[in-house]
1. Mind listing just one residue for me: the one in region A:306-357 that is more than 19 Å from the chain's Cα centre (by Cα) and among the basic types (Lys, Arg) and, of those, farthest from residue A:4 (Cα to Cα)?
2. Only one residue in A:54, A:121 is touching a residue at least 24 places away in the same chain (Cβ under 8 Å) and among the aromatic types (Phe, Trp, Tyr), so which one is that?
3. Cβ-Cβ under 7 Å, sequence separation 6+ or interchain: first residue in region A:286-301 and farther than 16 Å from residue A:168 by Cβ, partner hydroxyl-bearing (Ser, Thr, Tyr) and part of a loop (DSSP other than H, G, I, E, B). Which pairs?
4. If we keep just the residues of region D:19-68 that are more than 14 Å from every other protein chain (Cβ to nearest Cβ) and outside any loop (DSSP other than H, G, I, E, B), which is surrounded by the fewest Cβ atoms within 10 Å (Cβ to Cβ)?
5. Under 6 Å by Cβ, and 6 or more places apart or on different chains, what pairs join a residue from region D:239-256 that is closer than 21 Å to residue C:251 by Cα and facing chain A (nearest Cβ under 7 Å) with one that is of a type in the set (S, T, N, Q) and part of a loop (DSSP other than H, G, I, E, B)?
6. Sort through B:180, B:163 and tell me the only one that's in contact with an Asp or Glu (Cβ under 6 Å, 6 or more places away or on another chain), buried (at least 24 other Cβ atoms within 10 Å of the Cβ) and either of a type outside the set (Ser, Thr, Tyr) or within 30 Å of residue B:316 (Cα to Cα) (or both).
7. Residues that are assigned by TED's automatic domain parsing to the domain that holds residue A:197 and among the small types (Gly, Ala, Ser): find the strands (runs of 3 or more DSSP E) completely inside region A:247-329 holding 3 or more of those.
4 protein chains.
Amino acid sequence: MKTVSIVNVTSYTGVELLRMLAGHPEFVVTSVTARSNAGKRLDEVFPQLAALRYTSAEHAGAVNPAMVLTEEPAQTDLAFVCLPHAAAAEAIVTLLERGIKVVDLSADFRLRDVQEYELWYKHTHPAPALLETAVYGLCERYRDEIERADLVANPGCYATSSILALIPAFAAGIIEPDVIIDAKSGVSGAGRGLTLSTHYAEVNEDVSAYSITGHRHLPEIIQEVLRAAEAGEHGVANAPRITFMTHLMPMTRGILASCYATLKERVSTADVRALYERYYANEPFVRIVDQPPHTKWSYGSNFCFIHPFVDERTGRLVVFSCLDNLVKGASGQAIQNANRMCGLAETAGLSMIAVYP
Amino acid sequence: MKTVSIVNVTSYTGVELLRMLAGHPEFVVTSVTARSNAGKRLDEVFPQLAALRYTSAEHAGAVNPAMVLTEEPAQTDLAFVCLPHAAAAEAIVTLLERGIKVVDLSADFRLRDVQEYELWYKHTHPAPALLETAVYGLCERYRDEIERADLVANPGCYATSSILALIPAFAAGIIEPDVIIDAKSGVSGAGRGLTLSTHYAEVNEDVSAYSITGHRHLPEIIQEVLRAAEAGEHGVANAPRITFMTHLMPMTRGILASCYATLKERVSTADVRALYERYYANEPFVRIVDQPPHTKWSYGSNFCFIHPFVDERTGRLVVFSCLDNLVKGASGQAIQNANRMCGLAETAGLSMIAVYP
Amino acid sequence: MKTVSIVNVTSYTGVELLRMLAGHPEFVVTSVTARSNAGKRLDEVFPQLAALRYTSAEHAGAVNPAMVLTEEPAQTDLAFVCLPHAAAAEAIVTLLERGIKVVDLSADFRLRDVQEYELWYKHTHPAPALLETAVYGLCERYRDEIERADLVANPGCYATSSILALIPAFAAGIIEPDVIIDAKSGVSGAGRGLTLSTHYAEVNEDVSAYSITGHRHLPEIIQEVLRAAEAGEHGVANAPRITFMTHLMPMTRGILASCYATLKERVSTADVRALYERYYANEPFVRIVDQPPHTKWSYGSNFCFIHPFVDERTGRLVVFSCLDNLVKGASGQAIQNANRMCGLAETAGLSMIAVYP
Amino acid sequence: MKTVSIVNVTSYTGVELLRMLAGHPEFVVTSVTARSNAGKRLDEVFPQLAALRYTSAEHAGAVNPAMVLTEEPAQTDLAFVCLPHAAAAEAIVTLLERGIKVVDLSADFRLRDVQEYELWYKHTHPAPALLETAVYGLCERYRDEIERADLVANPGCYATSSILALIPAFAAGIIEPDVIIDAKSGVSGAGRGLTLSTHYAEVNEDVSAYSITGHRHLPEIIQEVLRAAEAGEHGVANAPRITFMTHLMPMTRGILASCYATLKERVSTADVRALYERYYANEPFVRIVDQPPHTKWSYGSNFCFIHPFVDERTGRLVVFSCLDNLVKGASGQAIQNANRMCGLAETAGLSMIAVYP
């Protein structure tokens, strides 16, 4: 049994961790923190947690709905940090000093290049030294490093769906560096903070693009497809030139990334499909499917569904990739990383399939 | 380990059983049937099941996505029957003869009075003799009988939320027989069959009442609140006079029953609340809450949330009750019954809490 | 041609007035105000107004998208006041002194009894003297008084649907004073201000009751059904005892009020229907329909659809009533009142039917 | 005053024509047909039409809710044909012989090349001779020809948004032939016919791509951007190579086309913006906006909002274009064409702006 804390549990990623950890066979949540709700009980902030009946702190999968939110996390084996960027890095320095392993759900340690970070996030990095040791938390690429890491940077939701869609093609060297990603997300990705653009009457029955001059998940995607290309069959690669446009959908959960790339040489859909099947053959949470996936297939689950094919008229590679932004795109992937970091089965506590319809 | 089959797995209640049984610690699904899709694989009909990776038929919680749908169910310890009424009764006669225990998700064995059944369902009951032995599958009332039963009639979704909302008050004899139930349901309750009233563009951004001259869950509700009253403190009761109006909501899952009753004598909200707390003190899946519950609190889970209070201006009892129509209102409750019938813990496989937000 | 201003145009009722007035044959909008956006152009705040091309201030139906929002309204023939309560009353005192007729969309002048107002709104009424002259803006009851009024109190959205549903029965004296109103509203009724309960991910796929200890539209409803009863066939009436429960629906627009009342004597559905048909025979915006109405039938239009019937099993009167909370429940009704106050046809600018589907 | 008929009025485009024509200053609807509902009254099929009160057949804007649906259209000045392809062409032959002008909302006369039509629609064209005289009904390109035409082929909804987004760039010759269109549509575009993919519980909370091997609006788009290029500054053009992927959104109305093209030479966003502004300077229904448009801005209106800009990192042209698929994408554009064909102001009856929120 391992103890874990959730830092800033009142975020959507925080409460999603509670939901999933309540069924985990090895972890027990012994500490939860909040910035503005400290002193309240968990089930005061999230009344649906009244469903939980607490057994004991010695019991895996135990989440105590009467647990009181504190300002600082207690000593645990591992902490999930759900703070906004910058605040996350500051908290993590202390957690690591206390000997607590950390999965960081913020963006603070995703980019290896501190200048790139400061360019996109518009402030000085609070802990640049940790960038050396932080591991990008994509098990499909780095599970061995994650197993040995004390600090794992959990990938962004858009980034996870886009990277998983593109790395087999980049690793195999079959596409040109020019790529267009047209990504569509449900509203929960924007978090629990109140804004006019997440106000019900504004979002409902509406679709629009946003952050069109540069979404912060773009540098992550570029970094990781380049690393995949460099680690791939040809060993070297040109910098990808990616147009990445994000769109808000009138739904709560789900991301669909529609990716368009130019093939270096004409290949068949069957060959591309086989390449993707091989690449993800042993992955517990990636599925190559034979039709365009629906975001609903991943609702509430840690699975990513990918459909690659060749547009016959133009010879372009098109890849559709979808997942639940709060699970494989955030809290589920965080648990997947934590499982690795704690020497557990990577799939522990993550077997639930989608809630459908 | 117990083997189970799902008869008519292509219904929403059928596929919901698959989702929940895939995580069940004791059941293994060894047979699935369909009327029009026989011969197909499960993951052809429901591609999201590609998430499942099959271990073995000896393994609890195993659902094989490659299982082929058949016309007739194989021999199993228990069968979940998801057929429409009439068709269900016919199939059940055979299943029971083969020594297979049955949880019937249709309406065929819910009403104890065959005339009442024939009045509401407009056809001759196919197996009236079984009405004697069938048990109404509400564990909160009949768990001992369910434990010994071979045939359990799983309650309707509206009926479950309404009955759970009202029986503490009827059993205590604190309300008059006149009750109004204004019930609101998500669209999945209407099933997977295509109708104009479940066509997306018709339902979205719309609320309306339907079946206003008599919804078929009404006789069930009357039967059960009367039985609760008769089994209650006063032993006798007048026939309830219930106005039951159902409304369709633009959402997929969830039922909220808003119940209005006249108190025989003025009591305080605190006293009513205490009465409900006592009545459900040991129930694993009912929670009395101190604010109006949200259907979202039960999304994907087997819990029912109830908030009783007294409207101070008029002295009326008002009870709000909500649940997920496909879980506690159908497939989750069916598993709860099956657990009892097979001598397992009533809560086995049912611990997941709501997917929120 | 008449000039009008919209005070606090950045509210949902304010921008809805703009939409409807842009097609009005007699009014021209010459002034718009805002509290926090003063100095901006209309089409900066509402970019969809770029659709409008301005002709001239001499042209009826003209809305100038380049008009600059000011803090104070200019001199006009009439002002629509979309401020919150209390702030509205204060602004209206000045407007009336300047000789400007006022339609007040707030609650400040709806209740005739100042004590009742102060009980429900928890503050001292800023202008109690005006309560004497203010007219309740329900044309179906008071169109002659409205024609002569300088100050009209536009009814609340829930109140409009509930009152229109109940007054024929109260006026005819066929029901007991005990009534239950179970009302369901889309989210836009809560306005454009940001709250967790109007945050997309919280409301979507959710239904719940709210304000259960007393919604502020209740005293309005009580006042008006009592006045209708007193003005009715029997001339006197007992105070109604109304339980009024409001529910939030996952949709933007629309209210459905489901009303339940006990009939003094058994009457047939046909007789009730005939009574309602007669009551509203000459009303331009009320329609009695022969099936439960859908909120979608009124989407974007000023019509109210009502379906009264007798629940045969219990002998209760049930009335369903629906409308668009932003049109007949707010801005459309405000224009209907303004038309009367300015001597125009009551229906001027209000002929658009529902946007369906 | 001109008389018009609506052939197959029970489609969503048919009933949308009714909504808009009810406010038209010159047209009167004197005949409506249906295939399966002949003999019923309009307000039996669409109860919301009870809002309409009929004046007389001599009155423009008159829609009679008591009009009986017939199998064959009466003699009128113009007919709107809302039949599926093939059936439309057959009906149109007769209508033209009877001297009735036709706006065809089907795809039968959109493609100038009969072989292309037969390739995409998989059947022999029923009236290939009419392809010579039919005019593609995009007023922004062909208003003079439309004015003289007896048969106008109303463009597809996806096609309208995509073509309007791309023709300024193709006409100016600033982009390469390679273009990606990632288009997103609400569900009403699929019509009123029942399918599992438009069943509420399947579509709600879901996004997916569909028709990925070739959507039938693609050849229309290719035809029209090529014609625009050939008519443009350079006079000749290479055949465009367009990848066109359509996605279903969980909403009723609205299309957003996100278009990606490679610029021949680097140009600034300001220059592109100026080019688009000039191209559409005099268009009544196209607006170039300075931020990504929301589909909601066009809800219920005939306007198309376009935002072109240059992605600075990659030098690509990105154009977002949105409209209401049932208005500018179907029935509104059909009226715009009919206005031209009948010598009326192009904007007659089309001034309503979006219903927001």
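1. A:313
2. A:121
3. As it stands, the answer is A:296/A:356; A:299/A:356, since those pairs meet every condition given.
4. D:68
5. Matching pairs, first to second residue: D:250/D:204; D:252/B:204.
6. Exactly one of B:180, B:163 is in contact with an Asp or Glu (Cβ under 6 Å, 6 or more places away or on another chain), buried (at least 24 other Cβ atoms within 10 Å of the Cβ) and either of a type outside the set (Ser, Thr, Tyr) or within 30 Å of residue B:316 (Cα to Cα) (or both), namely B:163.
7. A:255-263
Conditions (1) closer than 22 Å to residue A:283 by Cβ; (2) buried (at least 19 other Cβ atoms within 10 Å of the Cβ); (3) out of contact with any helix residue (DSSP H, G or I) (no Cβ under 9 Å at 6 or more places or on another chain), marked per residue:
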{"position": "A:126", "(1), (2), (3)": "no, no, no"}
{"position": "A:131", "(1), (2), (3)": "no, yes, no"}
{"position": "A:146", "(1), (2), (3)": "yes, yes, no"}
{"position": "A:151", "(1), (2), (3)": "no, yes, no"}
{"position": "A:158", "(1), (2), (3)": "yes, yes, no"}
{"position": "A:173", "(1), (2), (3)": "yes, no, no"}
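The values are calculated or read from the model by the stated rules, or taken from the named source; none is laboratory data. Please read these numbers as outputs of a predicted model, since none were measured by experiment. Cβ sites come from the backbone with ideal geometry, for glycine too, and all protein chains shown count toward neighbours.
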